[in-house]
């Protein structure tokens, strides 16, 4: 049997009477890629904080390299080789790449003077271990999310990491960046470094992990080799229920589209975009970072007005120069980053829900009608199944899935005709994702037109009638939704460059 790097046995942890962990056990072997799965609130984060010394367990034991650790704290955990890379990466945006990687090591030695040359050399060696080449003098705030993640991994390796814990490592990455991260993880595994990663993306779980531990309601459900599980079993163990993974199908639509664009362009972002969305249709849109897909959504919603082309609503040309214009034409937009763009985190659930329809919540004297507000909020909480202690609770207290439902409720309360969803399930667990998808499908069946922007290929395949692929500001291909696989994506996306190259060669030959 392989030697265990870390063992957590019969761990219990409570907070103010809430039993967060109930007799949880976890074993990670040397050089193992292990997935910790479960819905939001199941106890994953608490368990990670126990193994990294942030929380002391109420009962149970922790062993690292077979040695019992009765009083583990964060410094001892790091010195024992346990490194956690959280979703924000815990890096300093105003410092350089070299400073983020190596400065902690210099400070830990309590030197009076920093040897900048040695620090740069140390940082370069750390980056070489993960096989990446970054400008050591670049400010981290100007780098991509993928590069920031590689910096966090490199910094962990500097501290002789034996176990690297990655919390939702692919949430903000494109398909290309995900493949690059997987290659880095495979290299770490070959070097004998263990990886524990948390992910809601089941395809990644099956591709990357050797073993999976599933938690639900603070308890172990199962810990099993990945090849002994399938998607259906995994979803059931995580949620305790069967998930509908059928395709959304609708008769091919003809007649006047709800929304149509004709050669829509935004200088420097996208050009000549022509698409249509009919009532009851869910149209997918995907593409790598920088493809122009988010800029297109923002133009349709009036955040960054287009500089050329036309937008039609119900067959009539409309001029959308502001968010108010878009709202007036029945267009709603749910942004990808709900925390910074979609919600007022310190405000209540109630206020977040009605802010877009506040004018409709007034009485005949122009005052806010409290009863009408409460009725509106109660209605959407019931319709979308939002789980909250109280509508007056700050929206930041909700799970990711419930926060996403609040953003949806805000715009659905305005009774839109076209709904643009940018990353509708980013950071959302499998159960909440299915619930959100079901809401979207039900709305589409009632005649709503939906533009779904996503990197999640299974999400697009299951929910979209058609999927459009963008690249470098243009739509380069289209696929039937249920046929949109990784192979089709690669053919459309990568084949476009090959076709362009052949056309260019034919032109030069002529």
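Taken together, the values in this text are just the output of simple stated rules run on the coordinates, not laboratory data. What you see is a predicted model, and the numbers here were worked out from it, not measured in a lab. Note that we place each Cβ from the backbone using ideal geometry, even for glycine, and neighbour counts take in every protein chain shown.
Given 10 °C and 1.306 mPa s, compute D for region 40-148 with the Stokes-Einstein relation, Rh being the Kirkwood radius over Cα pairs; round to the nearest whole µm²/s.
Values: Rh = 16.2 Å.
The diffusion coefficient I find is 98 µm²/s.
Counting only Cα, what are the radius of gyration and maximum Cα-Cα distance Dmax of region 126-176, in Å?
Spelled out, the Cα radius of gyration and Dmax of region 126-176 are 11.4, 30 Å.
Percent of Cα-Cα pairs more than 15 Å apart in region 33-73, please.
Details: 383 of 820 pairs.
I get 47 percent for the Cα pairs in region 33-73 exceeding 15 Å.
Note the direction-averaged projected area, equal to a quarter of the hull surface, for the Cα convex hull of region 325-482, in nm².
10.3 nm²
Could the peptides 390-399, 3-12, 148-157 be put in order, highest first, of the mean number of other beta-carbon atoms found within 10 Å of their residues? Mind dumping the intermediate values first?
Working: 390-399: 15.8, 3-12: 18.3, 148-157: 23.6.
The densest-packed peptide leads the list: 148-157, 3-12, 390-399.
Alpha carbon centre of region 480-494 versus region 1-45: separation in Å?
37 Å
Restricting to bridges with both residues inside the chain, how much of the DSSP beta-bridge set is antiparallel, in percent to the nearest 5? Can you show the working numbers first?
On the way: 43 of 77 bridges.
In the chain, approximately 55 percent of DSSP beta bridges are antiparallel ones.
Treating the angle as unsigned and between 0 and 90°, give the value, to the nearest 10°, between the Cα long axis of helix 400-412 and the longest Cα principal axis of the chain.
In the chain, helix 400-412 runs at an angle near 10 degrees to the longest axis.
What's the angle, to the nearest 10 degrees (0 to 90), between helix 486-509's Cα axis and the longest principal axis of the chain?
Helix 486-509 sits at roughly 70 degrees to that axis.
Provide Rg over Rh for region 217-355; use the alpha carbon set for both Rg and the Kirkwood Rh (inverse mean inverse pair distance).
Computed over Cα atoms, the ratio is 1.10.
On average, how much area does the Cα convex hull of the chain cover when viewed from any direction, in nm²?
For the chain, the mean projected area of the Cα convex hull comes to 29.4 nm².
Report, in degrees rounded to the nearest 10, the 0 to 90 angle that the Cα long axis of helix 175-190 makes with the longest principal axis of the chain.
On a 0 to 90 degree scale, this one is about 10.
Could you line up 350, 327, 186 from fewest to most neighbouring Cβ atoms inside 10 Å? Don't jump to the answer; show the numbers that get you there.
On the way: 350 22, 327 19, 186 12.
Going from sparsest to densest Cβ surroundings: 186, 327, 350.
Given the Cα atoms of region 101-205, and with Rh set as the inverse mean 1/r over their pairs in the Kirkwood sense, what is Rg to Rh to two decimals?
0.99
With contacts defined as alpha carbon pairs under 8 Å and 6 or more residues apart, what's the relative contact order of region 318-451 in percent?
Reported relative contact order: 33 percent.
Along each principal axis of its Cα atoms, how long is region 112-155 end to end? Whole angstroms, biggest number first, please.
Projected onto its principal axes, the Cα set of region 112-155 covers 33, 22, 15 Å.
If one computes the Cα centroid of region 51-76 and of region 302-358, what distance in Å separates the two points?
If we compute the Cα centre of each part, the gap is 48 Å.
Using the Cα atoms as the points, what is the convex hull volume per residue of region 172-246 in Å³?
Here the figure is 120 Å³ per residue.
Calculate I(q)/I(0) for region 205-288 by the Debye formula, one identical point scatterer on each C-alpha and no solvent, and give its log10 at q = 0.23 Å⁻¹ to two decimals.
Log10 I(q)/I(0), no solvent term: -1.13.
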